[in-house]
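Encoded as structure tokens, the structure appears first; notes follow it.
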Amino acid sequence: MTRTGVLAAGLLAAAALCALCLGTPGVSPSRLVGVLSGVLSGVLSGGTADGLEAVVVRDIRLPRLLLAVIAGACLGAAGLVMQEALRNPLAVPEMLGVSSGAALGVAAPLVLTLTLPGWAYPLLALMGAGLGGVISLVAAGFGRSPSAVLLTGAAVAAALQAALLVLMVLADQLDLQVIFRYLLGSLSGRTWQAWHGVWPWLLVTVPLVVLCAPMLSVLRLGDEDASALGLRVRHARLAALAVSVLLIAPVVAVCGPIAWVGFLAPQLARRLRPDADVVWWLPWAVVWGAVITVWADQAARLVLRPVETPVGAWTALVGVPAGVALLRGLRARPRSGAR
């Protein structure tokens, strides 16, 4: 295993240890092994785990940890797919109307007090995310101009966020608190039931992401070269957007729009090996997305304890300065080349 793999595995293991041990009640690392073995034996035997620590680890901390890992992995992969398909390192879900559209699809029935089954919310998020992404892509000419994609996506995202604000005005006080926390992205209170809205989509999306990676490598060559190789550029971009929407929608439906993970994870993957291709970057974007989300969730749980803050606030605190630094770097490259 390379140094990068050791670093990522160490960070993820440390975050998982904090997620399972820290909190109320606290569980020591030596005690955690016994608790997990008891939980596993209880699951295999069909019984229940004994003791408060076992119940807390099994029913609260473990599903939250696994959901953070899956959410971060999906967002990291979606961010890389979007950026490579549009050939723009700033093409993230938050700036293309995808996350805002998914959030609007989930928040609307909450405000309108519509009673829907749990499986319907990922579908609503999927429809909203697809609508926001398609409008941005079509209005920007299918990504021919990176700056046009960013400007159009920002306008679409602003319009969808304005619609969300209108819904929040119409909501009562109790629904408003729920919607506000949801819009910032939160893993608080997520149990094993949340998995019912995630795992069916993973069975469909993971093979599509693997199949999408070679196509993204061709798109990196540019529209003319990709067309010369027989790739239909517009169809390829729409397919990549569809894969990104399938990755993002179930996460947003369950956890809310966790911002900037789809930006940070691909950037870290590229920095580790700039001369590689999408096939190599994709698994590392998945890994770094999981690391970022799990650590951000620990900050959300523990920094202001006993009050929990939204995990999306912590990812934004890191993502916004990183985005500004990337913009400065992109502006500096032409100047250095001119010199």
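The values are calculated or read from the model by the stated rules, or taken from the named source; none is laboratory data. Every value quoted in this text rests on a predicted model; they were computed, and no experiment measured them. Glycine gets a Cβ as well: all are built from the backbone with ideal geometry, and neighbour counts include every protein chain shown.
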Checked the range 259-271 for anything farther than 25 Å from A103 by Cβ and either over 18 Å from the mean Cα position of the chain (by Cα) or not in a helix (DSSP H, G or I) (or both); matches are R271
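Tell me yes or no: at least one residue of the range 23-31 is surrounded by 14 or more Cβ atoms within 10 Å (Cβ to Cβ) and modelled with pLDDT of 85 or more. Talk me through it step by step, then tell me what you get.
Residues of the range 23-31 that are surrounded by 14 or more Cβ atoms within 10 Å (Cβ to Cβ), as a first pass: 23, 27.
Of the ones still in play, those that are also modelled with pLDDT of 85 or more are 23, 27.
The answer is yes, given that some residue of the range 23-31 is surrounded by 14 or more Cβ atoms within 10 Å (Cβ to Cβ) and modelled with pLDDT of 85 or more.
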Helices (runs of 4 or more DSSP H) (entirely within the range 41-148) containing at least 3 residues that are more than 30 Å from A19 (Cα to Cα) and either modelled with pLDDT of 80 or more or not basic (K, R) (or both) = 62-86, 98-111, 120-139
Looking at (1) at pLDDT below 85; (2) assigned to a helix (DSSP H, G or I); (3) not hydrophobic (A, V, I, L, M, F, W, C), can you tell me which one P274 breaks?
-> (2)
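Each row is one residue, and each column tells you yes or no for (1) closer than 24 Å to D175 by Cα; (2) acidic (D, E); (3) touching a His at 6+ places or on another chain (Cβ under 9 Å); (4) surrounded by 18 or more Cβ atoms within 10 Å (Cβ to Cβ).
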site: C74; (1), (2), (3), (4): no, no, no, yes
site: V81; (1), (2), (3), (4): no, no, no, yes
site: E84; (1), (2), (3), (4): no, yes, no, yes
site: L104; (1), (2), (3), (4): yes, no, no, yes
site: A125; (1), (2), (3), (4): yes, no, no, yes
site: G128; (1), (2), (3), (4): yes, no, no, yes
site: G133; (1), (2), (3), (4): no, no, no, yes
site: V138; (1), (2), (3), (4): no, no, no, no
site: V156; (1), (2), (3), (4): no, no, no, yes
